[in-house]
Every structure is written in C-alpha cells, then in structure tokens.
C-alpha cells in the first residue's frame, strides 16, 4: 500500500471556502446585472449600446471568475494569468474589428444606412 494513514483528503465533504451568504449575494448581483442588461437593450443609446452591453458582460464575467471560480481566494498568479488571457482576447478582437473596418467598407456603409433609416 502506498497510502499513508495520516494523509487527509484535500477536500473534506461539507467544507467550503465561501459562506452561503456570499454565494447568494453573488447570484443576486448577477441577476440584477442581467435585468440591467435586458433594460438597457430596450433603450436606444446609439453607438453606446454595444459599449454598455460589453461593460455589463465584463462585470458579470469578473464576478463569476472571482467568486464562483474562487479566484479571489486563490494564488495571485492565477489572477495574473486570467488578466493576461483577457488582454490577449481583447487584442485579438480588436484585430478582427480593425480588419473588418479597414478591408470591408461595405459593412460600415450598410451600418450607417441602417442607422439613418431608423
């Protein structure tokens, strides 16, 4: 047998890092942000619609990563990895947007025509 008698399991049943109150508050904040997302989608903010929607989505993703994925209570190196991955994703999305605007002007013209028509 290679198991040691004094070895304890890493996760004991019934234990949890966060209290149920924090989990309920986190879930409630996500529900409130979802309601804000639905409400803001019905308000015409012009070109700011996408900015508001992305800001709310990023806030919700941050809450999920910090509390439900327990990154707030983990090693700081994991937070650095998460931030680096988010920055790389933003960089790649910006490349796609730049490419779309630069090389496909008909998309931009169609978007402006739709805005003038409404």
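Details
- Listed from fewest to most Cβ neighbours within 10 Å, the set 44, 111 follows the order 44, 111.
- Kirkwood analysis of the Cα pair distances in region 18-118 returns a hydrodynamic radius of 16.4 Å.
- Relative packing of 46-53, 23-30, which averages over residues the other C-beta atoms within 10 Å, highest first: 23-30, 46-53
- For region 18-73, the share of alpha carbon pairs falling in successive 10 Å distance bins from zero is 23, 46, 22, 9, 0 percent.
- Distance between the pseudo-spin-label points of residue 60 and residue 22 (7 Å out from Cα toward the beta carbon): 2.3 nm.
- Contour minus Cα-Cα distance for residue 37 and residue 88 (0.36 nm per residue): 15.8 nm
- Each peptide among 33-41, 86-94 gets the average number of other Cβ atoms lying within 10 Å of its residues, and from highest to lowest they stand as 33-41, 86-94.
- Legend: ranking of residues 72, 116 from fewest to most surrounding C-beta atoms inside 10 Å; resulting order 116, 72.
Laboratory data are not the source of any read-out in this text; all were calculated from the coordinates shown. For clarity, every value in this text was computed on a predicted model and none was experimentally measured. Neighbour counts run over all protein chains shown; Cβ positions are idealised from the backbone, glycine included.
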